[in-house]
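The values are calculated or read from the model by the stated rules, or taken from the named source; none is laboratory data. What you see is a predicted model, and the numbers here were worked out from it, not measured in a lab. Here Cβ is always computed from backbone atoms with ideal geometry, including for glycine, and neighbour counts include all displayed protein chains. The protein model used for the area step is the full one, side chains on, heavy atoms only, and it has no ligands, DNA or RNA in it. Shrake-Rupley method; radii C 1.70, N 1.55, O 1.52, S 1.80 Å.
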Amino acid sequence: MAVIQANRMCEDYSQLESGPLSSFISVYDGHAGSEASKFVSHNLFFNLKNIVSERREVSESVLKKAFSTTEEDFLSLVKKQWMNNPQIASVGTCCLAGVLHDGVLFVANAGDSRAVLGRVERGSKRASAVQLSNEHNVNIASVREELYALHPDDSQVVIMKHKCWRVRGLIQVSRSIGDVYLKRAEFQREPLLPKFRLAETFEKPILNSEPEVTVHKLQPEDHFVIFASDGLWEQLSNQEAVDIVHNFPRNGIAKRLLKAALHEAAKKREMRYADLKKIDPGVRRHFHDDITLIIVFIDSHLVSKSPLPPYSIKGGVFPR
């Protein structure tokens, strides 16, 4: 696991949980504040455990239910805090979660984080990259088309602003937890800050929290999975990231991958990595985003034979 802060306040959180039957890996890339990503880091896994216990299975529908329950819980928090802390209606988070259960990897994604598998075919020394998730960012044509189809009467649902496509000119992702100002019209009024208030209201939610879920049966050729916020993928391609993880020792590999992304960010701005490191958070956001990444190595001979030891690890900037 590795994290680097670029914003004035780091808005990313991440999480690793393991028990006797399964492992949970997640990256929460917050925006407009850290309240949503922090909330999800405390609640998504808890909700997932409860639903798995009730239904006695891990499945696509279970993961989607965990996301929707967490969304509803955050909405309840917004309603409670709205008058004293209206800014909470404008915060949200992308959510990327993986569940490794009985030799199967479930990947649920809402937003523009990404999970990439490193696969080494038998007899080969090279690892190939296999993307396990799809991004929900309106700068991707198919995502724009999805929004146009969902909102045929809203000509302004996606517009170009500041040289990129944005939902209602405000946000690039089409799926998230939080961002209730784009899901519930009741929050489109004071005391919400004017920059988040829309000229035209809406009848149905513009964004949604439902994750896209992929199911991957692990094979002996599957060696590792990289879970990371979009800050990493803005700098490195899937194959570049997989090559780094495959070609260097495991010890310290997350930090090495993060450093490679920062070197690329510096190169794009024609500056030295050493000079980039000196730039303070806040100003540094002009050079790269917050980056959070987790690398999970898969020892196939252990996946279905040995119960995993219990552990719980959270990443992010937690106040003392």
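Candidates are the residues of segment 41-90 that are among the aromatic types (Phe, Trp, Tyr) and within 19 Å of Glu17 (Cα to Cα); the one that is least open to solvent (accessible area, probe 1.4 Å) is Phe67. For Glu135, are the conditions met, namely being in contact with an Asp or Glu (Cβ under 9 Å, 6 or more places away or on another chain), surrounded by fewer than 21 Cβ atoms within 10 Å (Cβ to Cβ), closer than 29 Å to Asp299 by Cα and among the acidic types (Asp, Glu)? So Glu135 fails the test. Of all residues being in contact with a Pro (Cβ under 6 Å, 6 or more places away or on another chain) and aliphatic (A, V, I, L, M) in segment 103-132, which is surrounded by the most Cβ atoms within 10 Å (Cβ to Cβ)? Just the residue, please. Filtering first and then ranking leaves Ala110. What residue, of Arg166, Arg189, is free of Cβ contacts under 8 Å to residues at least 24 places away in the same chain, of a type in the set (D, E, K, R) and surrounded by fewer than 22 Cβ atoms within 10 Å (Cβ to Cβ)? Testing whether each residue is free of Cβ contacts under 8 Å to residues at least 24 places away in the same chain, of a type in the set (D, E, K, R) and surrounded by fewer than 22 Cβ atoms within 10 Å (Cβ to Cβ) leaves just Arg189. Here segment 152-183 is the region considered, the condition is being assigned to a loop (DSSP other than H, G, I, E, B) and in contact with a Phe, Trp or Tyr (Cβ under 8 Å, 6 or more places away or on another chain), and the residue that is modelled with the lowest pLDDT is Asp154.
Just so you know, in segment 12-25 the residues that are open to solvent by less than 30 Å² (accessible area, probe 1.4 Å) and not hydroxyl-bearing (Ser, Thr, Tyr) include one that is farthest from the chain's Cα centre (by Cα), and it is Gly19.
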